[in-house]
1. If LYS257 satisfies every condition in (1) in contact with a helix residue (DSSP H, G or I) (Cβ under 8 Å, 6 or more places away or on another chain); (2) closer than 30 Å to GLY87 by Cα; (3) surrounded by fewer than 19 Cβ atoms within 10 Å (Cβ to Cβ) but one, which is the exception?
2. Looking only at residues that are in contact with a Pro (Cβ under 8 Å, 6 or more places away or on another chain) and part of a strand (DSSP E or B) in the range 142-171, which one is least open to solvent (accessible area, probe 1.4 Å)?
3. Considering only the range 1-120, give the helices (runs of 4 or more DSSP H) lying wholly within it that have at least 2 residues that are polar (S, T, N, Q) and farther than 26 Å from GLU331 by Cα.
4. Only one residue in LYS162, LYS173 is free of Cβ contacts under 8 Å to residues at least 40 places away in the same chain, over 30 Å from ASP56 (Cα atoms) and of a type outside the set (A, V, I, L, M, F, W, C), so which one is that?
5. Please report, ordered by residue number, the helices (runs of 4 or more DSSP H) entirely within the range 518-598 with at least 3 residues that are of a type in the set (A, V, I, L, M) and under 30 Å from GLU441 (Cα atoms).
6. Residue under question is GLY351, and the condition is that it be part of a loop (DSSP other than H, G, I, E, B), out of contact with any Gly (no Cβ under 8 Å at 6 or more places or on another chain) and of a type in the set (Gly, Ala, Ser); does it hold?
7. Residues in the range 323-340 that are open to solvent by 40 Å² or more (accessible area, probe 1.4 Å) and in a helix (DSSP H, G or I): how many?
8. Which condition does GLU246 not pass, out of (1) farther than 18 Å from ARG195 by Cα; (2) open to solvent by 30 Å² or more (accessible area, probe 1.4 Å); (3) in a helix (DSSP H, G or I), if it passes all the others?
Amino acid sequence: MEDVTRGGQFLVKETLAENIFTPEDFSEEQIMMRDSVKEFVDREIWPNKNRFENKDYAFTEESMRKAGELGFLGVAVPEAYGGLGMGFVSTMLTCDYISGATGSFSTAFGAHTGIGTMPITLYGNEEQKNKYVPKLASGEWFGSYCLTEPGAGSDANSGKTKAELTEDGKFYKINGQKMWISNAGFCHLMIVFARIEDDKNITGFIVEYNPENPNGITLGEEEHKLGIRASSTRQVFFNDTVVPVENMLAGRGEGFKIAMNALNVGRIKLAAACLDSQRRIVTEAVKYANERIQFKTPIANFGAIRKKIAEMATNAYAGESASYRAAGDIEKRINARIEEGNAHNEAELKGVEEFAIECSVLKVAVSEDVQHCADEGIQIFGGMGFSEDTPMEAAWRDARISRIYEGTNEINRMLSVGMLIKKAMKGHVDLLGPAMKVADELMGIPDFSTPDYSELFAEEKALITKLKKAFLMVAGSAVQKYGTELEENQQLLMCASDMLIEVYMAESTILRTEKLAKLKGEENIKEQIAMAKLYLYQAVDIIYSRGKEGIVSFAQDDEQRMMLMGLRRFTKYDNQPNVVELREIVASKVIAENQYCF
């Protein structure tokens, strides 16, 4: 497993284009799955968007049942428990293409297949898996996940729900309240987290639910939400709910670990769930721009509109590039662990946990891109975009929750840097050595030689190497100054995180495009090349801005001047591209194809 990339190593280790996974690498089986999912969504979900927007919860349940009949709910479930047993990339792909039409169905699907089913497949014993997972994989039963409480949101381990062992030692009685529970209105099974006595950590339980015999479980009314309107979201109250001791998930006090690892998977799956939304928003916006005539010409001919279309498409392309890069790395890690003799569930847990940094990075980046994409979609539609008669306002409302789900973006920003530092302290990623080299470089004389930038992306890859140095300089100095108290400096952490995010997204986009150029030839992918350069151009500005904000927040006098000088050096783009020209290349292609076409 020595050759398999570790999480966070992208910062300090050169990644070759041929070693990353891209959407162009989908196997025939994966392409068939993608096409099957798209056909299902275009037939069953997209034409019925109004039913979802009108809070038709029964239709959400009906659609989930159909997805189960087609096998989509069991893609990630091992064949031994009634699933398709497909790899991590295939589960990402399914989540991606099934989620784009409406956030209501996307949420129901994600809650069921992820946090509703996955804790049992990964942490359940054989008896639990054989009893419950086949029903969940087929759609005979639906799952939900009861973690959040009125006083326990981001601080998941602070829940007050109690589990008390009965005198005969055969059952636990659960008492408490949960809120924001997706699928509560039609679920048959709940993963419930409660605290036993005064345990430090919560414990997970598998709780069956039957409305005809509620066992002390009461559901609140459906929540009326800004978006994801037909996603069943209710409060759940437990009053002496009796659960057999054999339904404890993993061991006593293991619930917090289950919850955190479920979030890692949920974060990268959430990024995937935002991808097809962007594709569909771009396509609908372009169609409208081509049809809408103003001043005797389609608005797609106006530069202001073309700029929006180009940047919407570019962000979607970057999101795809980074999401599938990480998914491919996770799958390699899982396979390597299986080859070493790990059980499938252990291999998957450790494989995803290894890339927790990338999962947080993707969750933040792609959820913010889909919101921006929907916002620009409304703007392209103008007044009509604000109307419920067009798909844009629903897309905008549905996108908003993605910045809150699976840990808020603020939490994930701080986590990404915090986890990286912890990895460095454990020796899993060597940050200290490269950071010290950057410090030495700052004190040295700059290299004034003229490099050879004749090959595709030669300068861009050299620039990404420098951007990594900018991050190491800021983060390394911050750690040196604050040590373990760094986590208390949240604004500084968020500056560093934004730098980290842009490095990963920009590099992933460049590497995917370089790989594609070797496959198809540069002349055949000039639009993708333009998108990669455009994304990097914008990433440089963000990294400089956030780096400067971070530096001036903790460095003074000569140290500050030295670091700001280094930041300028590390963000210098010698041969800056004509960004207007790049946008024109991208927009022309998308407008001519009348859809997102990459």
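The values are calculated or read from the model by the stated rules, or taken from the named source; none is laboratory data. Just so we're clear, the structure is a prediction, and the values are computed from it rather than from any experiment. Don't worry about glycine lacking a Cβ; one is built from the backbone with ideal geometry, like all the others, and counts go over all protein chains shown. Only protein heavy atoms, including side chains, enter the accessible area calculation; ligands, DNA and RNA are left aside. Shrake-Rupley method; radii C 1.70, N 1.55, O 1.52, S 1.80 Å.
1. Tallying (1) in contact with a helix residue (DSSP H, G or I) (Cβ under 8 Å, 6 or more places away or on another chain); (2) closer than 30 Å to GLY87 by Cα; (3) surrounded by fewer than 19 Cβ atoms within 10 Å (Cβ to Cβ), LYS257 fails exactly one: (1).
2. That would be TYR145.
3. Filter on the range 1-120 gives 57-69.
4. Checking each option against the conditions leaves just LYS162.
5. 526-554, 557-570
6. So GLY351 does not fit the description; no.
7. Going through the range 323-340 one residue at a time, the tally reaches 6.
8. (1)
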